[in-house]
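Q: This is the structure I have questions about; it appears just below.
Just so you know, all these numbers are worked out from the coordinates, no wet-lab data involved. Quick caveat, the model's predicted, so the values are computed rather than measured. Counting neighbours? That spans all protein chains shown, and the Cβs are built from the backbone with ideal geometry, glycine included.
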Amino acid sequence: MCSKTLSNFYQNKFRVLLQAVLTTALVFSAFLAEAQSLSLDSMGIFFVGGERTDAPYSDGRDASLPTSGRSTVSHQGKVGFFIPETVTGANIILIPGFGLSSSIYLTTPDGREGWAQYFVRQGHPVYIMDIPHRSSSGFAIDAINGCMKADPAFPCTEDIMLGKTSLEQPWSVWGFGPEFGVSFPDSRFPAQPLQENYIEQFGASFELFSGSGRMGAATNGEASQQALAELLDRVGPSVLIMHSAAGALGFRYARSSPTQVKALVAVETVACPAVDNADNPLAGIPFLALYGDYVEERSAGGHPRRRASCKAAADAIGSHGTHARFIDLPGELAIKGNSHLMMQDNNSNDLAGLISEWLQAGQIR
């Protein structure tokens with residue numbers, strides 16, 4: 001009996017050791033896959049949609065304000081691009097939501113690679129866009145300087161206010177946890193431990209934006225539409241991956257130029273539009289929507305309503321014979337804990353993989 005007990009003891013020990021070794025091997029393999037260098041044909045930055053304007057209040061550095069006879073470029077969008085050495089997939093354009101920069105697609109608060117690198121490794125030319133009226137793209141300074149100089153031609157209105165998202169405001173709105181500093185038990189957003197500076201790394205990426213804080217004008221205005229149209233004219237038909245408020249920009253553009261859009265991927269976007277008949281341009285565009293966890297618990301933003309509208313859009317588009325799907329991560333796939341910022345979450349590559357699999361299933365190239 002004693003011998004049999006010892007045998008079982010060592011067998012159990014061996015199983016535990018073997019499981020630990022296999023787990024370590026899988027983690028190490030994933031690390032190696034991400035650590036491999038990217039094989040790029042080219043990379044860089046260009047700007048779209050800008051216009052040259054007279055700037056009576058430009059900072060000339062060598063003269064007091066105002067400095068007449070000078071000009072600036074404003075209303076532009078900034079685009080970073082990464083073209084793989086071997087292209088096997090469709091162009092992908094990644095657009096961040098309100099108050100966020102394209103850096104959310106390049107890295108995570110805890111230092112992992114972003115979705116941009118993931119899709120490049122899958123053979124997609126990738127373009128990451130910072131839309132107009134954000135600090136990384138630039139906005140007109142004349143209205144601000146004119147207001148400061150009390151120039152009647154530049155009245156001080158809410159439209160020239162500058163804003164930036166706080167660390168505290170999005171915590172419960174974006175599903176990190178019930179209150180600032182407290183994460184949901186299974187949260188996948190890398191905010192903890194707070195002493196590791198993860199949340200500060202995330203907050204440092206927030207954009208300075210112009211406007212009163214009402215996101216419609218800054219995210220889906222004419223300057224943004226022009227910039228996106230110029231980008232698509234330059235690179236050709238593409239897959240638009242839109243996060244949050246960027247959905248309004250992408251949906252509006254797709255309705256006006258459906259032949260330029262190979263697919264729409266809505267990552268917890270603002271409300272998806274109704275697609276009530278086959279004549280709607282969106283009815284013929286492949287569509288994928290992703291939604292994370294703790295949607296009902298979010299304190300603001302109408303996320304349950306948004307989720308319902310995107311499911312309805314996917315169902316409607318699919319009913320017209322177009323490749324379409326709505327994925328409720330916790331409900332359909334039992335993937336728990338994902339936040340509004342799923343491209344930052346600790347399973348971000350897995351979620352990018354869902355998008356990649358969907359593109360392949362629809363033969364979207």
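Q: Rounded to the nearest 0.05, what FRET efficiency is calculated for residue 45 and residue 346 with R0 set to 41 Å and r the Cβ-Cβ distance?
A: That pair, residue 45 with residue 346, gives E of 0.90.
Q: Still on this structure, please answer the following. Taking 0.36 nm per residue of sequence separation and subtracting the Cα-Cα distance, how much length would be gained by fully extending the chain between residue 259 and residue 278, in nm to one decimal? Could you put the intermediate results ahead of the total?
A: Details: separation 19, 0.36 × 19 = 6.84 nm, distance 1.55 nm.
That pair, residue 259 and residue 278, stretches by 5.3 nm at full extension.
Q: Something else: Rounding to the nearest 20 debye, state how big the charge dipole of the stretch 40-361 is about its Cα centre with +1 on each Lys and Arg Cβ and -1 on each Asp and Glu Cβ.
A: Dipole of the stretch 40-361, to the nearest 20 debye: 400 debye.
Q: Same structure again: Using packing as a proxy for protection, rank 182-191, 84-93 so that the peptide with the highest average count of other Cβ atoms within 10 Å comes first. Please list the in-between numbers first.
A: Values: 182-191: 19.4, 84-93: 17.2.
Averaged packing, sorted descending, gives the order 182-191, 84-93.
Q: Please give me the summed charge of the neighbours of residue 269: other residues whose Cβ is under 14 Å from its Cβ, Lys and Arg +1, Asp and Glu -1.
A: Taking every Cβ under 14 Å from that of residue 269, the sum is +4.
Q: Which net charge results when you count Lys and Arg as +1 and Asp and Glu as -1 among the other residues whose beta-carbon is under 10 Å from that of residue 285?
A: Summing Lys/Arg as +1 and Asp/Glu as -1 gives +2.
Q: Given the Cα-Cα distance of residue 167 and residue 234 and 0.36 nm per residue of separation, how much length would full extension add, in nm?
A: Length gained, residue 167 through residue 234: 20.5 nm.
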